[in-house]
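J.: I'd like to ask you about the structure that follows.
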């Protein structure tokens, strides 16, 4: 299983891979991308790149601070609390054949995002279908 996260905030989409640590925790991993409306047609391609980068058995972090900094830098923000206030989030799962998009409910800075599994959208690996499924998932 390969995992990624997509956020929508202020007409921009942020994508990043998730990798599983040696202790079994999924954490943000590279690459991290920001896509604006001008480059929206690249969403499918970049999403597949992010998913392919998802891995397992990465070193477990010694510190949990600054793990989200790659996204914050792209958003030109200093804190998770500022980012999360107006963000929408979609969990992305890839089984090697199809991609599942799971919308979430924003629960705020302390609780993060809770998946809405019954609203899951399944997509083939076609770039246009991936783009459409992701955009639809931001508004379940």
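J.: Taking only Cα atoms and a 10 Å spring cutoff, compute GNM fluctuations for the chain and point out the largest among 11, 69, 100.
T.: Highest fluctuation among the options: 11.
J.: Estimate the FRET efficiency between residue 79 and residue 45 by the formula 1/(1 + (r/R0)^6), using the beta-carbon distance for r and 22 Å for R0, to the nearest 0.05.
T.: 0.15
J.: What order do you get for 88, 76 when you list them from fewest to most C-beta neighbours inside 10 Å?
T.: 76, 88
J.: Between residue 129 and residue 10, what is the label-to-label distance in nm when each label sits 7 Å out along the Cα-to-Cβ direction?
T.: It works out to 3.5 nm between the two label points.
J.: Just subtract the alpha-carbon distance of residue 69 and residue 36 from 0.36 nm times their residue separation and send over the number in nm, one decimal.
T.: Contour length minus Cα-Cα distance gives 10.0 nm.
J.: Relative contact order, percent, of the chain when contacts are C-alpha pairs under 8 Å separated by at least 6 residues?
T.: 24 percent
J.: Also, quick follow-up: Using just the helices of the chain, give the 222 nm mean residue ellipticity in deg cm²/dmol: DSSP H runs with n ≥ 4 each add -39,500 (n - 2.57), and the total is spread over all residues, rounded to 500.
T.: Helices in the chain give a 222 nm mean residue ellipticity of -7000 deg cm²/dmol.
J.: If you don't mind, another one. What is the calculated FRET efficiency for residue 25 to residue 98, with r their C-beta to C-beta distance and R₀ = 25 Å, to the nearest 0.05?
T.: 0.50
J.: Of the candidates 61, 31, 70, which one comes out as most mobile in a Gaussian network treatment of the chain with C-alpha springs shorter than 10 Å?
T.: Answer for the Gaussian network model of the chain: 61.
J.: Using a Förster radius of 25 Å, what is the FRET efficiency between residue 56 and residue 114 based on their Cβ-Cβ separation? Nearest 0.05, please.
T.: Efficiency computed from Cβ-Cβ geometry: 0.55.
J.: Cut-off 10 angstrom, C-alpha nodes, Gaussian network model of the chain. Which of 92, 43, 84 fluctuates the most?
T.: With Cα springs under 10 Å in the chain, the top fluctuation among 92, 43, 84 is at 84.
J.: Could you tell me whether the range 1-95 comes out rounded, prolate or oblate from its Cα gyration tensor? Rule is a ≥ b ≥ c as square roots of the eigenvalues, rounded for a/c under 1.5, then prolate if a/b exceeds b/c, otherwise oblate.
T.: It comes out oblate by the Cα gyration axes.
J.: Something else now. Once the piece of chain linking residue 122 and residue 105 is laid out straight, how much longer is it, given 0.36 nm per residue of separation minus the C-alpha distance between them?
T.: 4.3 nm
Since every read-out is calculated from the coordinates, none of them should be taken as a lab result. Small disclaimer: the values here were computed from a predicted structure and weren't measured. Positions of Cβ are generated from backbone atoms using ideal geometry, with glycine treated the same way; all protein chains shown enter the neighbour counts.
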